Amino acid sequence: MVDAVLALLGEVMQASTIDTSALRALLQPILLGELERAEVARALGGERGPEEIARRVQAELDAVATIEDAVRHNRLDAARAVLERAVTVGLPVPAAETAEHSYLARLVLRGLPRIHRINAEREQNHYDDDLADVLPPLLASSMAVGVPSGAPSGAPSGNAVSRTDRRPASVVAPSAPALVPTVMPAQPAAQSSLVAAPVASIDPVEPNASPVPNRKEVETHPPHGHVPERGVATVFSEESL
């Protein structure tokens, strides 16, 4: 019983001396390194078809289940390969068989399932914006629809007008052409004397007369030397005289 109490006190004292904040700071570069290593492997893996993509996705999901089971049973050896790769890139991983190493190994195992889930998404070309820290941010003008390819940078896209220059649009109607008197060419002599077509005249109906009006054909004679306007006829009837 005394030995058990002393062992328990030793674990508590050892745990209190672990700088967990420093070990947690190592977790991010270790996991990001694993994520980038998987992306490089995808880039160098050549072209793949739908069956290969499905196989890779399933392998990532199987790795998630295996690591979660290792965390459940505290099998810290499952993080050995990851920690060895971290040492090769120069990260200050604590020495094996130490409390700091065990704590870091468990942290890594807790974070690896998320890395494998991200890899499963990337195998299907579902990327979160992991290049946000590499590429410059997109300008609002470059995200607008209809930007001409040869337009200078910063130029407004389409018909966009800035808020300060927004004025009511004015529509200028095209001016009517000036009226120019048109001189008609002299008509031939043969056409100067127009023969008026017979025009039907309707006499007024006298009382007690037949309801059928007396239709007479009157031939109009224009005055000598005067040509009436085209389409206008003068009608006279005997009664009107």
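Using a 1.4 Å probe on the protein heavy atoms only, what accessible surface does Asp129 show? Give it in Å² to the nearest 10.
110 Å²
Keeping every protein chain present and rolling a 1.4 Å probe, give me the accessible area per residue for region 23-99 in Å². Please list the in-between numbers first.
Working: 5010 Å² over 77 residues.
Heavy-atom accessible area per residue stands at 65 Å².
Would you work out if region 20-76 is rounded, prolate or oblate? Take a ≥ b ≥ c from the square roots of the eigenvalues of the alpha-carbon gyration tensor; rounded if a/c is under 1.5, else prolate when a/b is larger than b/c, oblate otherwise.
Values: a/c = 4.74, a/b = 1.52, b/c = 3.12.
Because a/c hits 1.5 or more and a/b fails to exceed b/c, region 20-76 counts as oblate.
The values are calculated or read from the model by the stated rules, or taken from the named source; none is laboratory data. Keep in mind the model is a prediction, meaning the values are calculated, not measured. Remember, those area values only see protein heavy atoms, side chains included, never the ligands or the DNA or RNA. Shrake-Rupley method; radii C 1.70, N 1.55, O 1.52, S 1.80 Å.
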